[in-house]
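To start, the structure under review is shown below, and the notes come after it.
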Amino acid sequence: MKSIRLTRAIIFVVALCVMPGAVHAEWWEARTDHFIVITEDTEANARAYAERMERYDGALRTLQNMAPQKSDIGDANRVTIYRFGTTDDIGRLAGSYGVAGFYLPRAGEPTAFSPIRESRETGSLERNTSYDPTRMDAESVLKHEYVHHFMLYNFPASYPGWYTEGFAELYATLELREDGSFHVGNPPQYRGYALFNMLIAPTERFFDGDRAASGFDLYQRYTLGWLLTHYLTFTPGRQGQLPAFLAALGKGEKSLDAARRIFGDLGQLDRELRRYLRTELPGINVKPANYQLPVVAMRRIEGAEAATMMQRIEIAAGLSKKEAPAAIRALEEDSQRYPDSALVWELLGKARFAAEDWAGADAALDRALAIDGNRIEALIYRGCVTSKRAKADPAAAKARRPFLVRAARLDQRTPRPLIEYYYSYRAAGEPIPEAAIIGLEDAFGTAAHDANYRYLLGMQLISEGKGSAAKAVLLPISVALHGIDPKKNKIAEAINLIEAGKTAEAYTLLKTEEEKREKEAEKE
């Protein structure tokens, strides 16, 4: 068992910045069982990065005693990682300066964005010799977010926010080793300053699910959440308590009651945590059975695909109506240079869709499908209707449904056509046929990580009087909002109504909230 001490204060690493020589970077696609990495880098770096991410997924599965997947999950269920540029470039996409990466948990298109360099003046993050362990690096950010994705995909229960963040922090620092083994338990040095220099909140505040958390409490989900998860995981005298606590929550026991029953005196637990923070922190080394280096399929991205890469990334990040015109202009130029590229026309259709140029979007998508009639993305977008269009012209929604049916038949592993097919009836205010409802429910296995999908499915289940099933679907996203002002957590309020047998009131509440969100979206 290995032990590592958490750094007490910020470390300033003084080193000569050895700038790497100019390296010719190209766009590469590196494909593994669970990831599609699209990166502007050398072939060797692209391959190595994809291998690390796939090994990371394998490590998480090993720790959860999960059998390796034996079937192809399909591109729609792989996490696509766009890895390029600097933290400034990623921040621009996220709409927030200095972002080291972000993840969008969308059904059928889970997508992450991560930088290669911290700034245009530094070299690759992989080769930067001035590495500071107290700074959160881009790969740790991505691993943290991937743990959330992994939990929602694979864990059936709902967990409190401190545990989901603590669990993600615990495994974000997982250390992969050259012999195929990995080490779990390294402290997140980038949290060291906060842990040692900020007052650690009493755990009783974490366990009290009936109180609204302050901003400080929410931040402590990452710091104290990690410390508590680490302590309960690795301390022999506390073995088994964390699983017992989570199981109690799953059975409906109040969090604070379960904590007092299982952990005992919470004041004593607080004192133990403070002592633990100042000790050599334990960890474990794990060697997966029958380890094999992940297989990575490499493909160089050239021609029209490379020329339109930045527009593709912007669309994947969520192109706004305001941003769409610039992308449209660039793609219209590309459509002249590459008139036979289905990808270019598909991207142009998506950009026009973002601009709410419906006729222009249809025309571009039809051009894409005339070149390649089996393009799933073009079919899905051709079949999509916004709620306001469907309400204004239900016939338009009806005319688009065959595109979604065709997409679903071509790729039975993507949930998006099933969700959009169901939504086309709902948005138009039409009676929803049983086939559409079954399709929505069938999408759960590949769409459970998407909060919007859970909201939609939860409302459908409530409308059918299936309160218990609706509660199970909605609880994970309610827990994710745990700690905010209870008056603003409408999902938790709806769950309380379901538990009181007031399913009609729960449906009305969520329907009103949905309409409010749609109106707010129209203003953007």
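Throughout, read-outs are computed from the coordinates displayed, never taken from laboratory work. Because the structure is a prediction, the values reported are computed rather than measured. Here the Cβ is made from the backbone with ideal geometry for all residues, glycine too, and neighbour counts use every protein chain on show.
On the beta carbon distance between Ala326 and Ile438, with R0 = 41 Å, the FRET formula returns roughly 0.50.
Exposure proxy for Ile81, Ile313: other Cβ atoms within 10 Å of each Cβ, ordered fewest to most, give Ile313, Ile81.
Pairs from the table (Lys70/Lys321; Lys398/Lys511; Lys143/Lys391) lying more than 30 angstrom apart at Cα are Lys70/Lys321; Lys143/Lys391. Taking the Cα centre of each part, how many Å lie between the range 80-100 and the range 325-343? Going from one Cα centre to the other spans 24 Å.
With an 8 Å cut-off on Cα pairs and a minimum separation of 6 or more residues, tell me the relative contact order of the chain in percent.
15 percent
May I ask you to list, by number, the DSSP H helices of the chain whose Cα span along the axis is at least 15 Å and whose average Kyte-Doolittle hydropathy reaches 0.5 or more? Those that pass (Cα extent of 15 Å or more, hydropathy at least 0.5) are 342-354, 358-371, 467-480.
Which ordering of Lys516, Lys388 is given by a fewest-first count of other beta-carbon atoms within 10 Å? List each step's numbers first, then the result.
On the way: Lys516 11, Lys388 14.
Ranking Lys516, Lys388 by Cβ neighbours within 10 Å, fewest first, gives Lys516, Lys388.
Between Thr42 and residues 5 or more places away or on another chain, which pairs have amide H atoms under 5 Å apart, with H built 1.01 Å from N, and which residues are they? It is Glu26, by chain and number.
From the Cα trace of the chain, what convex hull volume per residue do you get, rounded to a whole Å³? Spell out each step's value before the answer.
On the way: hull volume 82.7 nm³, N = 524.
Measuring per residue, one finds 158 Å³ for the Cα hull of the chain.
Taken one residue at a time, the phi angles of the range 97-110 give Karplus couplings (6.51, -1.76, 1.60, θ = phi - 60°) of 5, x, 6, 8, x, 7, 10, 10, x, 8, 4, x, 7, x Hz. Gly and Pro are set to x. Can you find, among Gly383, Leu256, Ala469, the residue sitting farthest towards the positive end of the charge dipole of the chain, where Lys and Arg contribute +1 and Asp and Glu -1 at Cβ? So the residue furthest toward the plus end is Leu256.
Using the Cα centre as the reference, give the magnitude of the dipole from point charges on the C-beta atoms of the range 407-519 (Lys, Arg: +1; Asp, Glu: -1; all else neutral), rounded to the nearest 20 debye. If you can, show how the numbers build up before the last one.
Values: 15 positive and 16 negative charges, 50 e Å.
Taking the Cα centre of the range 407-519 as origin, the dipole is about 240 debye.
For the range 233-312 versus the range 396-425, the spacing of their alpha-carbon centroids is 37 Å. Arranged from fewest to most other beta-carbon atoms within 10 Å of their beta carbon, Ser255, Ser158, Ser424 become Ser255, Ser158, Ser424.
Kirkwood radius for the range 353-413, taken over all pairs of different Cα atoms as the inverse mean of 1/r, rounds to 11.9 Å.
With no solvent and one equal point scatterer placed on each C-alpha of the range 355-485, evaluate the Debye formula and give log10 I(q)/I(0) for q = 0.17 Å⁻¹, two decimals. Relative scattering, expressed as log10 I(q)/I(0), comes to -0.93.
State to the nearest 20 debye the size of the charge dipole of the chain about its Cα centre, where the only charges are +1 on K and R beta carbons and -1 on D and E beta carbons. Provide the component values of the computation, followed by the final result.
Values: 68 positive and 71 negative charges, 223 e Å.
I would put it at about 1060 debye.
Listed values for the range 173-178 are Karplus-derived 3J(HN,Hα) couplings in whole Hz (6.51 cos²θ - 1.76 cosθ + 1.60, θ = phi - 60°), namely 9, 3, 9, 7, 10, 5, and x replaces Gly and Pro.
Proximity of backbone amide H atoms, modeled 1.01 Å from N, is registered between Ile81 and Ile36, Val37, Ile38, Ala112 at under 5 Å, excluding neighbours fewer than 5 places apart on the same chain. Distant-in-sequence amide contacts of Val296, defined by a placed amide H-H separation under 5 Å and a gap of 5 or more residues or a different chain, comprise nothing. When the Cα positions of Leu269, Gln220, Asn154 are compared along the charge dipole of the chain, Leu269 comes out farthest toward the positive end, with charges on each C-beta of Lys, Arg, Asp and Glu. A simple charge model with +1 on the Cβ of Lys and Arg, -1 on the Cβ of Asp and Glu and nothing else charged puts the dipole of the range 187-308 at about 240 debye relative to its Cα centre.
Efficiency by 1/(1 + (r/R0)^6): what FRET value for Val405 and Met66, r their Cβ-Cβ distance, R0 = 35 Å, to the nearest 0.05?
Values: r = 34 Å, r/R0 = 0.96.
Computed FRET efficiency for Val405 and Met66: 0.55.
Think of it as helices only: each DSSP H run of n ≥ 4 in the chain is worth -39500 (n - 2.57), and spread over all residues that comes to -17000 deg cm²/dmol at 222 nm.
Excluding the site residues themselves, the longest part of the chain lacking any chymotrypsin sites (Phe, Trp or Tyr not before Pro) in a DSSP loop with at most 15 other Cβ atoms within 10 Å is 292-524. Projecting the Cα atoms of Ala25, Ala451, Pro282 onto the dipole axis of the chain, where Lys and Arg carry +1 and Asp and Glu carry -1 at the beta carbon, places Pro282 farthest toward the positive end.
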